[in-house]
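The values are calculated or read from the model by the stated rules, or taken from the named source; none is laboratory data. Computed from a predicted model, the values in this text were never measured in an experiment. Note that each Cβ is placed from the backbone with ideal geometry, even for glycine, and that neighbours are counted across all protein chains shown.
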Amino acid sequence: MQSIYLLIPLSVILVVVAVAAFFWAVRSGQFDDLDSPALDILDKDDDD
Amino acid sequence: MQINGELQFFCCHGCMAVASFIDASGLQSFYDLRTDSPHRAGFADAAKFDLSAFDRPSFQKVFVDADSETGVSTARLTIDGVNCGACSWLIRKSLLAISGVEQVDVNPATGWATVEFKHSEVLLSHIVDQIARLGYQPSPANDDEQTSRWLKLRRNSLARLAVAGFGMMQVMTYAVAMYAGAFTGIDQDTRYFLRLVSLLVTTPVVFYSAAPFFAQATSALRHRAMSMDVPVALAIALAYLTSVVNTFSRSGEVYFDSIVMFVFLLSMARFLVGGINQRSRTDGLSIDSLTPSLARRFESDSVVAVGVDELQVDDRVLVGSGELVPVDGVLAEGSGKAQLQQAWLSGESRVVTVGPSEPVLAGSRNVGGPLDLVVTAVGEQRSVSQIRSLYQRALGKRPPSIKQADRLASWFVAIVLILAVAGGLAWTVAADYQKGVEIALAVLIVSCPCALSLATPAVLAAASGGLIRHGILLADGAAIENLKRVDKIVFDKTGSLTRGQLSLKAIHTAPDGCSGWLKTVVASLEQRSNHPIATALRGLAEPVAVDQWQDYPGDGLSGVIAGHRYWLGRHKFVSTQAPETDLSWAPRGDDAVWIGDDQGVLGCIELTDAPRAGCRQVVDYFASKGSEICLLSGDSEAIVDDFADLIGIDEHYARQSPQDKLEKISSWQNTQRLLFVGDGVNDAPAMAQADVSVALGSGSAMAKSGADIVLLSDRLDDLLVLDRAAQRARALIRQNLWWAGGYNLVIIPVTLAGMVPPWLAAVGMSVSSLAVVLSSLRGRRI
C-alpha cells in the first residue's frame with residue numbers, strides 16, 4: 001500500500017506536464033482550426 | 001454540380017472543389033475543374049480586377065510584415081467565402097503550388113489567412129490573384145477586434161476544458177478507490193491521503209475551469225437576474241467548501257469527483273454551443289467584403305491601381321464593367337449613362353440608370369460600360385457604412401431572448417434554497433446542529449442542478465452539429481427556442497424568396513421567324529455584355545462570331561452576325577431601329593428583351609426574377625402553421641404585387657428602405673414575435689432587430705453576420721428542415737427538463753427524510769447529468 005504515496009504524486013506531476021503541453025499547443029494556435037487538417041490526406045503528393 | 005449524374009449542392013466553393021476532386025479521383029487538376037464550373041458568377045469578377053495595388057508599398061504597410069534578413073514576408077489577409085475546412089484546404093493547396101510561397105494558414109472559423117512568401121520570388125498580387133481565381137474574395141486583414149476576442153475566448157475555454165478533463169480523469173480514479181474503500185474498509189491515513197490529492201487536483205478545476213461560471217453568476221446577481229449560472233456556481237462553491245472542510249476535519253463526505261465531472265460536462269456543452277462558427281458573428285468584416293479593397297485612380301493621364309484606403313474625396317476613379325463601386329461618388333461630367341445594379345443595397349431588382357453628376361453608391365455593381373467617378377465619400381462616410389451603423393444600433397436594441405431554462409432555474413433555485421434551509425432547521429430541532437447541516441448540504445448537492453442546466457445546452461450543441469451537416473448554420477442556439485414563439489414571418493423578396501437574378505421565362509418568336517436562329521443571335525450578342533440580363537441569355541445557344549458589336553447603355557446592344565445587323569434591347573430601342581411590324585403575337589409589358597433586324601421585330605424574350613425552388617411550399621407550410629406571412633421588399637410596387645400574387649402572400653410592402661424595414665419590424669414587435677428571412681445589406685438592420693433572423697447563404701456578409709441562422713446551402717426549403725429540427729430539439733429539451741425535474745422531485749423528499757448518504761447523492765447527481773447528455777445526443781439526428 002505504501003507504493004501509492006510515491007505513484008500518486010508521480011501521476012499528478014505527469015498530469016501537470018500533460019496540461020502544460022496542452023496549454024502550449026492551444027496558445028500556439030494548433031487548435032484554432034480543427035476541420036481542415038482532416039483533408040490533408042487528400043494530397044497524394046507529400047512533398048509539402 | 002453533377003456528381004454521379006445527381007445534382008448536388010454545396011455550402012461553399014471548397015466543398016464543391018473537394019467533391020469534384022474526389023469525383024475525378026485526382027485525375028484532373030483543380031483549376032480545370034474550377035474554370036469548368038464557376039460557382040457564383042459575381043465572385044469570379046474579382047479575378048478580372050487589376051491587383052497590382054497589392055504590390056504598392058504604401059498599401060502593403062498595413063498588413064504585410066517584411067523580414068529583410070530572411071527575405072520572407074508575411075501577409076495577413078481576410079478571405080471572404082471561406083466556410084469550412086475544405087475551403088481552407090483548397091486555398092492552402094493551390095497557394096503552396098506557387099514557387100516562393102513558404103507557408104499558408106487559413107482559419108475557416110475566422111476567415112483569417114497568413115501567407116509567408118519570399119518577396120524576391122513571388123509578388124503578393126500573384127498570390128492574391130490565385131485566391132480570387134478560386135472564387136474567394138481576398139482583402140487585406142483588418143484588425144477586427146470581435147474576431148480576435150472570440151479567438152482568444154475560444155483558446156481560453158479550450159484550456160479550461162483541458163484542465164477540467166485531466167482533473168476529472170484523475171479525481172475519478174481516486175474516487176473509485178475511496179468508494180471501494182467505503183465498502184471493503186480503508187485505513188484512515190490512506191483515505192486522508194486520497195482526499196488531499198483529490199483536493200489538490202480539484203482546486204485548479206474550481207478556480208480556473210469553473211471561473212466563467214462564477215463570473216457569470218456574479219454578473220447575473222449584480223443585474224438582479226437569476227440565471228442558470230447562479231445555482232451552478234452555488235453548487236460548485238458549496239460542494240467544494242464542504243469537501244475542503246471535511247477533508248481537513250477528517251470527517252463527513254467529500255464531493256471532489258462530482259465537482260470535476262460537473263465542471264467538465266458543463267464546460268464541454270458550452271464549448272460546443274459557443275464555438276461553432278465565429279464568421280457569422282463578426283461584423284467588422286462585412287463592409288469590406290461588400291465593397292472592394294482596391295480601386296483605380298486617374299493620376300495625370302494614367303490610371304493607377306490603388307488601395308481604397310488611399311482614396312480621397314474629389315479623386316477620380318475608374319470603375320470597370322462588371323465591378324463593384326468602392327466609394328460613394330458622382331458620375332463625372334461628360335460621361336455617358338451608367339447602369340448599376342443595387343439589389344443588395346436597396347432590394348431593387350431592376351438595373352438603375354444614372355446620368356452625369358448623379359450619385360452612385362458604394363457597393364453597387366456596374367453592369368454597363370466603364371465609369372468615371374468623382375469620389376464624394378470614403379470610409380465610414382459612405383452610405384453603405386451608414387446602413388451598418390443602423391444595423392449595429394438595431395443589434396444593441398434587440399429584445400433579449402428569454403431562455404426557458406433560466407426562468408425555470410430561478411424558481412428551482414428559490415425552492416431548493418428554501419427546502420434546504422427548512423430541512424436543516426427541522427433536523428436541528430429534531431436531532432442536533434451537526435445533523436441539520438449535513439441534511440441541508442445533502443439537499444443542495446443532490447438537487448445540484450447539473451441535469452437541469454445541461455438540459456438545454458447539451459441539446460443545442462447536438463442540434464447545431466446535426467444542422468451544420470445539412471448546410472444550416474445555427475449561430476445563436478437560442479434561436480431554436482425562439483422559433484417556436486414566432487407568430488409573424490417577414491420575407492425579403494429579391495435574393496431571398498427569389499434567386500435575385502433574372503432568368504428566362506418565355507421566348508416569343510415572330511410568326512414567320514425561326515426560334516433556333518433567334519436563340520443563336522441572342523446568345524452571340526450577349527457574350528460580351530456585363531448586364532445581368534446577359535447572364536441569363538448567354539447560355540441560350542452556341543454563340544457564333546459577332547462583328548461591329550456595340551453597347552448602348554440603358555437601351556441595348558447591336559452587332560453584325562453573318563453579314564446581317566441585329567438589334568437587341570428595350571422595346572423602344574429596337575422598334576426605332578427596326579421597321580414597324582404587326583406585334584399582336586407579342587406579350588404586353590416592359591420586362592422583355594426585344595430582338596429586331598432591318599426587316600422588323602424578330603421576337604421577344606420575357607425574363608423574370610424567378611422564385612427559389614420550394615418558395616411556395618415554404619410559404620404555404622408556415623401559413624398552415626398559423627403564422628402571418630409578410631413581404632417587405634425594396635422593389636417597385638408592380639413587381640412586388642405580381643410576385644406576392646404568384647406566391648400567395650396577402651400582406652406586402654414595396655419600396656422599403658432599410659430604415660423603413662427596421663421601423664416596421666420594431667413597431668410590429670410591440671405585439672408580435674418576428675422571424676425575418678433576408679439576404680441583403682438593406683435587410684441587415686431589420687434582421688438584427690427581429691426576434692429570429694435567417695440569412696440565405698448567397699446573401700451579403702452583413703446580413704449573414706447579424707443572422708441567428710444561415711442557410712449555407714442557399715436552399716430556401718431548408719427552412720422546413722430547420723423547423724423540423726427545431727421542433728425536435730425543443731421536444732428533447734422538454735424531455736430533459738422533465739427528466740431532471742422528476743429526478744429532483746423524487747430525490748429531494750428522500751434526502752430531506754435523511755435517507756440518502758451524501759456520497760450516494762453525489763453519485764446520483766453524476767448519473768443524472770450523464771443521462772441528460774446521452775439523451776441529448778439524439779438531437780444530432782435530423
Going through B:Val601, B:Val574 one at a time, which residue ends up being under 30 Å from B:Ser529 (Cβ atoms), assigned to a strand (DSSP E or B) and among the hydrophobic types (A, V, I, L, M, F, W, C)? B:Val601
Test B:Phe49 against the stated conditions and say whether it is modelled with pLDDT of 50 or more, more than 21 Å from B:Leu712 (Cβ to Cβ) and buried (at least 20 other Cβ atoms within 10 Å of the Cβ). yes
For the range B:160-170: of the residues being among the aliphatic types (A, V, I, L, M) and at the interface with another protein chain (Cβ under 10 Å from one of its Cβ atoms), which is surrounded by the fewest Cβ atoms within 10 Å (Cβ to Cβ)? B:Met169
Out of B:Thr190, B:Thr173, B:Thr218, report the one residue that is away from chain A (no Cβ under 11 Å) and in a helix (DSSP H, G or I). B:Thr218
Can you find a residue in the range B:137-159 that is surrounded by 17 or more Cβ atoms within 10 Å (Cβ to Cβ), closer than 30 Å to B:Ser258 by Cβ and either in contact with a Leu (Cβ under 9 Å, 6 or more places away or on another chain) or among the polar types (S, T, N, Q) (or both)? yes
I'm trying to understand the selection: among the residues of the range B:705-729, which are part of a helix (DSSP H, G or I), in contact with a helix residue (DSSP H, G or I) (Cβ under 6 Å, 6 or more places away or on another chain) and farther than 13 Å from B:Phe622 by Cα? B:Ser705, B:Gly706, B:Ala725, B:Ala726, B:Ala729
Taking into account only those residues within the range B:531-568 that are among the polar types (S, T, N, Q) and surrounded by fewer than 20 Cβ atoms within 10 Å (Cβ to Cβ), which is farthest from B:Ser335 (Cα to Cα)? B:Thr535
Residue hits (the range B:174-208; surrounded by 14 or more Cβ atoms within 10 Å (Cβ to Cβ), within 44 Å of the chain's Cα centre (by Cα) and free of Cβ contacts under 8 Å to residues at least 12 places away in the same chain) are B:Leu200, B:Thr203
Of (1) surrounded by 17 or more Cβ atoms within 10 Å (Cβ to Cβ); (2) over 23 Å from B:Asp609 (Cβ atoms); (3) modelled with pLDDT under 80, B:Asp512 satisfies all except one. Which? (1)
Condition test on A:Asp43, is it facing chain B (nearest Cβ under 8 Å), under 17 Å from the mean Cα position of the chain (by Cα) and at pLDDT below 90? no
Scan of the range B:50-66 for residues that are closer than 18 Å to B:Asp129 by Cα and of a type outside the set (A, V, I, L, M), ordered by number: B:Asp50, B:Ser52, B:Phe54, B:Asp55, B:Arg56, B:Pro57, B:Phe59, B:Gln60, B:Phe63
Go through the range B:56-126 and tell me which strands (runs of 3 or more DSSP E), entirely inside it, have 1 or more residues that are more than 14 Å from every other protein chain (Cβ to nearest Cβ) and acidic (Asp, Glu). B:64-67, B:72-80
Have a look at B:Ser627, B:Ser575 and point out the one that is farther than 19 Å from B:Arg499 by Cα, in contact (Cβ under 8 Å) with a residue 24 or more places away in the chain and in contact with an Asp or Glu (Cβ under 7 Å, 6 or more places away or on another chain). B:Ser627
Show me the strands (runs of 3 or more DSSP E) entirely contained within the range B:490-561 in which 3 or more residues are under 23 Å from B:Asp714 (Cβ atoms). B:498-509
Looking at the range B:439-453, can you tell me whether even one residue there is over 25 Å from the mean Cα position of the chain (by Cα) and without any contact (Cβ under 8 Å) to a residue 60 or more places away in the chain? yes
Residues that are β-branched (Val, Ile, Thr), surrounded by fewer than 22 Cβ atoms within 10 Å (Cβ to Cβ) and either within 26 Å of B:Ile472 (Cα to Cα) or touching an Asp or Glu at 6+ places or on another chain (Cβ under 9 Å) (or both), drawn from the range B:62-97: B:Val62, B:Val72, B:Thr74
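Here is a yes/no grid of residues against (1) outside the structural domain of B:Ile415 (by TED's automatic domain parsing); (2) at pLDDT 85 or above; (3) over 16 Å from B:Asp492 (Cβ atoms):
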{"site": "B:Asn682", "(1), (2), (3)": "yes, no, no"}
{"site": "B:Pro685", "(1), (2), (3)": "yes, no, no"}
{"site": "B:Ala695", "(1), (2), (3)": "yes, yes, no"}
{"site": "B:Ser700", "(1), (2), (3)": "yes, no, no"}
{"site": "B:Asp714", "(1), (2), (3)": "yes, no, no"}
{"site": "B:Ala731", "(1), (2), (3)": "no, yes, yes"}
{"site": "B:Gly741", "(1), (2), (3)": "no, no, yes"}
{"site": "B:Asn744", "(1), (2), (3)": "no, no, yes"}
Number of the condition not met by B:Tyr208 [criteria: (1) more than 30 Å from B:Val115 (Cβ to Cβ); (2) outside any helix (DSSP H, G or I); (3) not polar (S, T, N, Q)]: (2)
Elements of type helices (runs of 4 or more DSSP H) in the range B:376-470, at least 2 residues being at pLDDT 75 or above and either small (Gly, Ala, Ser) or in contact with a helix residue (DSSP H, G or I) (Cβ under 9 Å, 6 or more places away or on another chain) (or both): B:404-430, B:433-446, B:450-468
Of (1) at pLDDT below 80; (2) part of a loop (DSSP other than H, G, I, E, B), B:Val254 satisfies every one except (1)
Between B:Val232, B:Val197, which is modelled with pLDDT under 80 and in contact with a Phe, Trp or Tyr (Cβ under 7 Å, 6 or more places away or on another chain)? B:Val232
